[in-house]
Amino acid sequence: MHWLFLAVAVVFEVAVALSASRAQGFTRPGWTVATLLSGGIATYFLSLALLTFDVGVGYAVWTSAAGVGIVVLGSVLFGQSWNVRKLLGIAVVIVGVAGLQLSGAA
Amino acid sequence: MPANDHPDTASPHATGPATTDSAEADSAAATATPDRRGRAWLVLLLAGAFEVGYALAVGGSEGFTVASWSAVAVVFFLLTLFALSVALRTIDVGVGYAVWAGTGAVGAAALGPVFFDETLTLAKACWLAVIITGLVWLKLADRPSEPDTASRP
């Protein structure tokens with residue numbers, strides 16, 4: 001069950017970033033509401049998942065999966081370009097965040 | 001997936017299934033001046049700072065049982081998402097999210113020992129250095145077609 005909670009938290013974290021992008025600085029009410037709702041739902045399901053998961057591991061999986069999902073969907077849905085340099089930078093940051101969270105757990 | 005794995009193709013935006021929505025946002029991003037992009041990065045770092053405030057407030061709220069810190073957490077939650085949304089008008093969502101999450105993690109790890117009973121171990125400091133390297137790298141890599149447009153008469 002905890003993997004399901006974590007998966008739901010990842011899906012809504014991806015939704016946070018995508019709808020925040022569409023909300024255009026909160027000038028679009030619908031996307032603004034979607035951003036805030038997704039943020040609340042993601043946080044709630046993450047906290048449920050972290051009741052079972054080790055906190056560091058749970059966060060690490062959550063951030064990295066969301067980061068990958070956002071890059072892929074940003075490209076597929078918004079047609080945003082990506083190149084090797086950008087992907088490398090994103091990968092280094094995400095690996096760093098995951099490593100930080102794992103080392104906090106250890 | 002409309003994979004655009006060739007760095008710096010002539011028209012990267014032509015590959016996506018553009019809706020009216022994204023076409024509008026794309027053209028805004030494509031025509032972003034260095035000034036506008038610089039401001040967007042400042043707002044993105046601000047969003048990361050608000051995210052740190054949110055994380056610390058949630059820590060202080062002790063599971064949302066302390067009313068004052070819970071209220072502060074809600075305010076920071078709204079501020080960080082607002083600033084993120086403003087920054088993502090200009091910056092690509094994949095880059096923006098990584099920078100937002102990265103700055104938030106660095107700030108929370110650096111300030112945790114100040115406010116709470118946390119320690120900054122050598123391992124954590126090394127990972128912070130990795131994140132910061134990636135953030136600087138992304139800042140330098142995030143200039144789509146700007147040299148071209150700038151040098152064009």
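Numbers for the structure displayed
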| quantity | calculated |
| --- | --- |
| Test item: B:124-130 mean partner chain Cβ contacts at 10 Å | 5 |
| Occluded residues from the range A:84-98, i.e. those whose accessible area drops by 10 Å² or more once the chain is not alone (1.4 Å probe) | A:84, A:85, A:86, A:88, A:89, A:90, A:92, A:93, A:94, A:95, A:96, A:97 |
| Buried accessible area, chains A and B (both chains, 1.4 Å probe, Å² to nearest 100) | 4200 Å² |
| Per residue value of the accessible surface for the range B:91-139 (all protein chains in place, 1.4 Å probe), Å² | 44 Å² |
| Summed side-chain charge close to residue B:85 - residues other than residue B:85 whose Cβ falls under 10 Å, Lys, Arg +1, Asp, Glu -1 | +3 |
| Local net charge near residue B:60, Cβ-Cβ under 14 Å (Lys/Arg +1, Asp/Glu -1) | -3 |
| Spin-label pair residue A:91/residue B:129, simplified geometry with 7 Å Cα→Cβ offset, distance in nm | 2.1 nm |
| Portion, in percent, of the accessible area of chain A that falls on carbon or sulfur, probe 1.4 Å | 80 percent |
| Within the accessible area of the range B:53-121 (1.4 Å probe), percent carbon and sulfur | 72 percent |
| Mean-position separation - Cα centroids, the range A:1-77 and the range B:35-82, in angstrom | 16 Å |
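The values are calculated or read from the model by the stated rules, or taken from the named source; none is laboratory data. It should be emphasised that the depicted structure is a prediction, and the values quoted were computed from it without experimental measurement. With ideal geometry, Cβ positions are generated from the backbone for all residues, glycine too; neighbour counts draw on all protein chains shown. For accessibility, only protein heavy atoms count, side chains too; no ligands or nucleic acids. Shrake-Rupley method; radii C 1.70, N 1.55, O 1.52, S 1.80 Å.
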